[in-house]
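I have placed the structure first, in the form of structure tokens, so that the comments after it can refer back to it.
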Amino acid sequence: MQFLNPIWLFAIAALINPVIIHLWNIKPGKTLKVGSISLMTSAAQKSSRSFKLNDVLLFLLRCLLLTLLAFLLAMPVWRQYLSAAQTKGWLLIPKESIKEGYNEFKPTIDSLTKAGYEFHYFNKGFIKADLKQVLTDAATQTNPEPVNYWSLIAQLNDQLPAAMPVYLFTSHQARHFTGNKPSIASNVHWQTYTPADSLSTWIESAWFTNTNAIKVVEGNSKPSGTYFTSYIIQSGGGANAVFTVNINNGKPEISLKNSDQKAIPIDTNSLRIAIFTDKHSTDATYLKAALDAVSNFSGHKTIIKQYSDAGQIPAAQNWIFWLSEKPVDINSLKKTINILNYEPGQVNNTVSWIKTNGAFSVAGQQCFPALYKLVKDGATNLQPVWLDGYGNAVLNMQQNQHTTSYHFYSRFNPAWNELVWSDGFPKLLLKLMTVNHNAHQMTQHDRRVMDQQQLRPYVIPSVKNTDAHKITIQTDLTHYFWLALVFVFFVERSLAHKNKLVPKNG
């Protein structure tokens with residue numbers, strides 16, 4: 001027996017609770033009647049305690065109950081090794097789309113099932129199941145997080161012999177393909193389809209503008225791409241044909257009409273931005289002008305202030321732009337959600353450009369601002385956001401517990417680059433400041449699809465050794481542990497109730 005989430009086995013440490021409850025037994029003191037205390041001397045007060053195991057059966061049942069719960073959370077499976085000759089092949093469908101996938105390829109799947117192919121879920125562990133029984137289950141399988149098909153296909157490649165045929169049936173939505181395309185040696189026949197819910201419309205964000213109107217960003221996603229549309233709902237403008245605005249517990253929220261999607265809150269807060277600088281006042285001027293342009297475009301209530309003393313920066317900032325080579329102090333980090341700071345270090349002259357993922361374009365053609373100076377990047381474990389033409393970091397991101405830090409290896413100055421002279425500079429800042437906004441919601445509603453050639457993994461000659469002719473199959477044991485858990489729980493409750501009713505001698 002093995003576990004798919006073994007980290008939950010640490011929950012067995014909860015056994016300390018029944019141990020303490022059953023072992024810790026405090027005996028009350030005895031009262032002695034005496035005629036007079038005049039001849040008795042004072043003595044230090046003493047208490048009597050003893051460690052004695054009471055209700056042994058109840059104690060064992062509670063320990064077993066906690067152990068079963070830990071095993072259940074760890075997702076137990078029974079792993080078996082079979083010879084490749086014992087299995088005709090596998091057919092796999094993701095658990096969250098089992099019915100739709102079957103209906104799309106029903107003739108092919110039925111033929112494979114009759115030919116002796118085993119059905120397995122295309123999910124972590126590749127659990128074997130009875131396809132007929134799964135299809136008769138009326139419950140709809142859901143998965144809040146998109147499954148990464150490329151990661152799963154790489155795991156499948158390690159688990160099966162290269163010569164064994166595998167038939168895989170999935171959707172080809174882009175949200176299921178992240179990271180690098182894997183290289184496999186398995187004999188995989190991958191067929192894809194476009195899901196029925198191939199169109200999605202949702203509210204990405206909404207906020208009050210400087211004129212007390214509501215600006216709404218509506219997202220629309222379909223197989224060909226995702227785009228966003230902005231709407232302005234004027235204050236007192238009457239009913240809106242697209243959106244519904246309500247007050248819930250004193251807070252405004254907005255939703256799409258004729259939609260079952262959950263309403264989202266309307267942001268009533270101001271966006272607070274602080275610019276700190278000591279000697280880079282010119283840089284601060286360029287930056288503030290770009291941030292003003294961002295504020296005017298978005299219409300979001302924005303407060304932008306510049307400081308020369310970091311101690312004067314108020315708390316609860318959304319952004320701090322630290323235009324200084326001085327290290328960011330801990331107090332300033334506690335005052336903001338995001339911070340961008342100038343990185344100190346050795347300055348190198350260069351002839352390159354800044355790659356900014358499409359923020360700059362001329363006549364529909366993507367272009368990049370020139371780069372003249374760059375601080376040498378000494379960090380190797382940070383996520384790059386902007387790069388130069390040689391692949392060196394211009395801007396890195398570091399996600400901390402409470403703050404997202406951006407390390408800038410150039411400057412907002414024309415002597416360093418042409419960034420601040422470009423019309424795309426405000427657009428770049430807007431993209432940077434909203435990159436992590438509603439990322440989960442964006443992934444959830446993404447309906448873009450990938451071409452069949454794009455999603456297929458690279459096929460390489462088999463490099464598996466000749467001993468690897470065994471197939472690893474896993475059988476889900478969670479339903480057995482559920483039954484055991486319920487049984488032990490009822491026995492424990494019955495015994496505990498019985499002990500309360502039986503008076504103890506003493």
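Taking amide H positions as placed in the peptide plane 1.01 Å from N, state which residues far from residue 167 in sequence (5 or more) or on other chains have amide H under 5 Å from it.
90, 91, 92, 189
Could you calculate the FRET efficiency of residue 234 with residue 434 from 1/(1 + (r/R0)^6), where r is the beta carbon distance between them and R0 is 25 Å, rounded to 0.05?
It comes out at approximately 0.60.
If contacts are Cα pairs under 8 angstrom and at least 6 residues apart, what is the relative contact order of the stretch 200-268 in percent?
28
Rank the residues 268, 404 as a footprinting-exposure proxy: fewest other Cβ atoms within 10 Å of their Cβ go first.
Lowest count first: 268, 404.
So if R0 is 35 Å, what FRET efficiency would residue 57 and residue 137 give, r being the distance between their Cβ atoms, rounded to the nearest 0.05?
About 0.40, to the nearest 0.05.
Can you give me the long-range amide H partners of residue 127? Hydrogens built in the peptide plane at 1.01 Å from N, cutoff under 5 Å, separation of 5 or more residues or another chain.
Excluding prolines and chain starts, which carry no amide H, the hits are 121.
If I model a spin label as a point 7 Å beyond the Cα along the Cα-Cβ vector, how far apart are those points for residue 155 and residue 383 in nm?
So the label points at residue 155 and residue 383 sit 2.2 nm apart.
Which Cα, out of 303, 389, 406, lies furthest along the positive dipole direction of the stretch 271-433 (beta carbon charges, K/R +1, D/E -1)?
The residue sitting farthest along the positive end of the dipole is 303.
With the crude spin-label approximation of a point 7 Å out along Cα→Cβ, what separation in nm comes out for residue 103 versus residue 448?
Using points 7 Å along Cα→Cβ, the separation is 2.8 nm.
Per the Kirkwood formula on distinct C-alpha pairs, the Rh of the stretch 271-433 is how many angstrom?
16.1
For the residues 350, 356, 178, what sequence is obtained by ranking on other C-beta atoms within 10 Å, fewest first?
Working: 350 18, 356 24, 178 12.
The order, fewest Cβ neighbours first, is 178, 350, 356.
Go through 215/288; 326/373; 215/262; 326/376 and tell me which ones have a Cα-Cα distance over 21 Å in this structure.
The pairs that break the limit, which is 21 Å between Cα atoms, are 215/288.
Let me know the charge dipole size of the stretch 200-268 about its Cα centre in debye, to the nearest 20, where only the beta-carbon of Lys, Arg (+1) and Asp, Glu (-1) is charged.
Here the size comes out at about 60 debye.
Say R0 is 41 Å: what FRET efficiency, to the nearest 0.05, do residue 246 and residue 78 get from their beta-carbon distance?
0.20
Can you tell me the dipole magnitude for the stretch 271-433 around its Cα centre, using point charges on the Cβ only (Lys, Arg +1; Asp, Glu -1), in Debye to the nearest 20?
Values: 14 positive and 11 negative charges, 67 e Å.
Value, rounded to 20: 320 debye.
Starting from the Cα-Cα distance between residue 224 and residue 10, subtract it from 0.36 nm times their residue separation and give me the gain in nm to one decimal.
72.5 nm
Mind checking the full-extension length gain between residue 19 and residue 499? Use 0.36 nm per residue of separation minus the Cα-Cα distance, one decimal, nm.
Length gained, residue 19 through residue 499: 171.0 nm.
No lab work stands behind these numbers, since they all come straight from the coordinates. Model, not experiment: these values are computed from the prediction. Cβ: placed from backbone, ideal geometry, glycine included. Neighbour counts: every protein chain shown.
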